[in-house]
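A.B. asks: Mind looking over this structure? Questions follow.
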Amino acid sequence: MSAPEVTVDEVWGWLGEVADPEIPVISVVDLGIVRDVALRDGECVVTITPTYSGCPAMQVIAESVEEALRAHGLDRVRIVSRLSPAWTTDWMSAAGKAALKGYGIAPPVQQAIDISGLHAGIRRRAAPEVSCPHCGSPHTQLTSEFGSTPCKALYKCLDCREPFDYFKCH
Ligand SMILES: [Zn+2]
């Protein structure tokens, strides 16, 4: 191993520059999908949890991560996909949520872990109250459970009339 010593912190820093392919303003770190970084015997192992199982962007994310680390001189990179525990929007950083809003996507408003879910069989959970990312109005309406990607729902603002994507809680 003749390459200069690389620290785990440096790798986290580099990963912070890897953008999510669906939402280019948010990094994979701010999105909260990078679970672990380990350096073992000259190999860099990055553990990633998909935002939801079968998310088509995952392959692209794995490739971008590998490419970014190679560009920093790490030639042995392994991406490990971990499905459990499942990703929740709670893992998204505050910076990530702010970037999402700046991009015109309403960030998740609920804590994903919802105790009322215990009674899920009895009553359906109401659609969350989402503020319009354009004008801030709380008067919004769910128009479709599925937005531009399956991870998002489509909303419409009743005040400024703009449609917008809402990043769904999982
Ligand atoms: Zn609005």
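A.B. asks: Report yes if residue 37 is of a type outside the set (Gly, Ala, Ser) and at pLDDT 95 or above, otherwise no.
C.D. replies: For residue 37, the condition - of a type outside the set (Gly, Ala, Ser) and at pLDDT 95 or above - is met.
A.B. asks: Check whether at least one residue in segment 85-101 is assigned to a strand (DSSP E or B), outside the structural domain of residue 46 (by TED's automatic domain parsing), at pLDDT 90 or above and of a type in the set (Ser, Thr, Tyr), and report yes or no.
C.D. replies: no
A.B. asks: Give segment 35-51 a look and list any residue that's among the aliphatic types (A, V, I, L, M) and farther than 14 Å from residue 10 by Cα, or say none.
C.D. replies: Residue satisfying the conditions is 48 alone.
A.B. asks: Looking for whichever is free of Cβ contacts under 8 Å to residues at least 40 places away in the same chain and out of contact with any helix residue (DSSP H, G or I) (no Cβ under 9 Å at 6 or more places or on another chain) here; the options are 91, 12. Which one fits?
C.D. replies: Selected residue: 12, the only one of 91, 12 that is free of Cβ contacts under 8 Å to residues at least 40 places away in the same chain and out of contact with any helix residue (DSSP H, G or I) (no Cβ under 9 Å at 6 or more places or on another chain).
A.B. asks: Taking segment 20-41, which residues are under 20 Å from the mean Cα position of the chain (by Cα) and surrounded by fewer than 17 Cβ atoms within 10 Å (Cβ to Cβ)? Before you say what the answer is, go through the steps one by one.
C.D. replies: Narrowing segment 20-41 to residues under 20 Å from the mean Cα position of the chain (by Cα): 20-37.
Scanning segment 20-41 gives 21, 24, 25, 35, 36.
A.B. asks: Within segment 12-34, which residues are of a type outside the set (Val, Ile, Thr) and in a loop (DSSP other than H, G, I, E, B)? Steps first, answer last, please.
C.D. replies: First, pick out the residues of segment 12-34 that are of a type outside the set (Val, Ile, Thr): 12-17, 19-22, 24, 27, 30-32.
Within segment 12-34, 16, 17, 20, 21, 22, 24, 30, 31, 32 qualify.
A.B. asks: Which of the residues belonging to segment 116-165 are modelled with pLDDT under 70, of a type in the set (D, E, K, R) and loosely packed, with under 11 Cβ neighbours inside 10 Å?
C.D. replies: Passing the criteria: 123, 124.
A.B. asks: Here is a follow-up. Mind listing whichever residues of segment 127-161 are in a loop (DSSP other than H, G, I, E, B) and closer than 19 Å to residue 98 by Cα?
C.D. replies: So in segment 127-161, the residues in a loop (DSSP other than H, G, I, E, B) come out as 127-139, 145-151, 158-161.
Matches in segment 127-161: 128, 129, 130, 131, 132, 133, 134, 135, 136, 137, 138, 151.
A.B. asks: Which residue pairs have Cβ atoms closer than 6 Å, lie 6 or more positions apart in sequence or on different chains, and pair a first residue in segment 35-52 that is outside the structural domain of residue 150 (by TED's automatic domain parsing) and assigned to a strand (DSSP E or B) with a second residue that is among the polar types (S, T, N, Q) and modelled with pLDDT of 95 or more?
C.D. replies: Listed by first residue and then by second, the contacts come to 35/47; 36/47.
A.B. asks: What are the residues in segment 58-77 that are among the hydrophobic types (A, V, I, L, M, F, W, C) and touching a residue at least 60 places away in the same chain (Cβ under 8 Å), if any?
C.D. replies: Just the residues of segment 58-77 that are among the hydrophobic types (A, V, I, L, M, F, W, C), to begin with: 58, 60-62, 65, 68-69, 71, 74, 77.
Across segment 58-77, the qualifying residue is only 74.
To keep it simple, each residue is scored yes or no on (1) touching a Gly at 6+ places or on another chain (Cβ under 8 Å); (2) near the ligand (Cβ under 10 Å from one of its atoms); (3) of a type in the set (D, E, K, R).
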{"residue": "132", "(1), (2), (3)": "no, yes, no"}
{"residue": "137", "(1), (2), (3)": "no, yes, no"}
{"residue": "151", "(1), (2), (3)": "no, no, no"}
{"residue": "158", "(1), (2), (3)": "no, yes, no"}
{"residue": "166", "(1), (2), (3)": "yes, no, no"}
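The values are calculated or read from the model by the stated rules, or taken from the named source; none is laboratory data. Just so we're clear, the structure is a prediction, and the values are computed from it rather than from any experiment. Note that each Cβ is placed from the backbone with ideal geometry, even for glycine, and that neighbours are counted across all protein chains shown.
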